[in-house]
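Starting off with a structure, shown below.
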Amino acid sequence: MLTKNGNIIKRNQFNSGGVPAWDSFIDDLFGDQLGHVKNKNYNKISTSPKVNIQESDEGYTLSIAVPGYKKSDFIIDLENETLTISAELKTEENKKDIHYSRKEFEYTSFKRSFTLPETIEVDKIEANYTDGILSLTIPKKEEAKPKPARSISVK
C-alpha cells in the first residue's frame, strides 16, 4: 500500500483494524524529516514503569521494572502512609564530534507513589534491586496476619 507521499507501508505496519499503526503512519508521513526536528524537551522523558503488587499472609511485595538504573539512582521515601519511589537517569553529555540524525534517549525519570494500608510494619520495609527489577518487601503487622482456625468447645 502507498501513502500520500509515495512511501510503502508494509503489511505488519497495520493494526488489527486494517489502519496503519500510528508510529508507522508518522514515520511514513514525515520520512527522515522527523529525525532532524529539534525540541529542547524531546530528550527529557518522564515514564511510569510497570508495577506488580503481590499480597501474601506475611505482607506485600512491590516489583517495579526499571532496567538501566543503579541502586544509587533510587530515592524511596515514606511519609505518613504514602510510599514514593523515584529515580533520575542521565547519560553522558553530547560529544561535539558525534552527529545524530535522531536521538531518542538521553534522560529519563520516574516517580510513583503508593498509599499503604495502616496494617504494615513501616520500620521493616526492605528494598532490593536485581536484574532491572526494584523489589520492596512490605511486611504486615502481626495483628493483620491471618490467624489459624481453631475450635471453640461449648461448656
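Each value in this text was obtained by applying a stated rule to the coordinates, not by laboratory testing. Bear in mind the structure is a predicted one, so any value in this text is a computation, not a measurement. All Cβ positions, even for glycine, are placed from backbone atoms using ideal geometry, and neighbour counts span all protein chains on display.
In this structure, does K124 turn out to be among the basic types (K, R), exposed (fewer than 14 other Cβ atoms within 10 Å of the Cβ) and closer than 21 Å to S63 by Cβ?
Yes: the conditions hold for K124.
If you don't mind, another one. Contact list please: Cβ distance under 7 Å, first residue in the stretch 73-84 and under 9 Å from F114 (Cβ atoms) and without any contact (Cβ under 8 Å) to a residue 24 or more places away in the chain, second residue of a type outside the set (A, V, I, L, M) and in a loop (DSSP other than H, G, I, E, B), pairs at least six apart or on different chains.
none
I need the full set of residues from the stretch 46-89 which are among the hydroxyl-bearing types (S, T, Y), surrounded by 14 or more Cβ atoms within 10 Å (Cβ to Cβ) and over 17 Å from the mean Cα position of the chain (by Cα), in order please.
Y60
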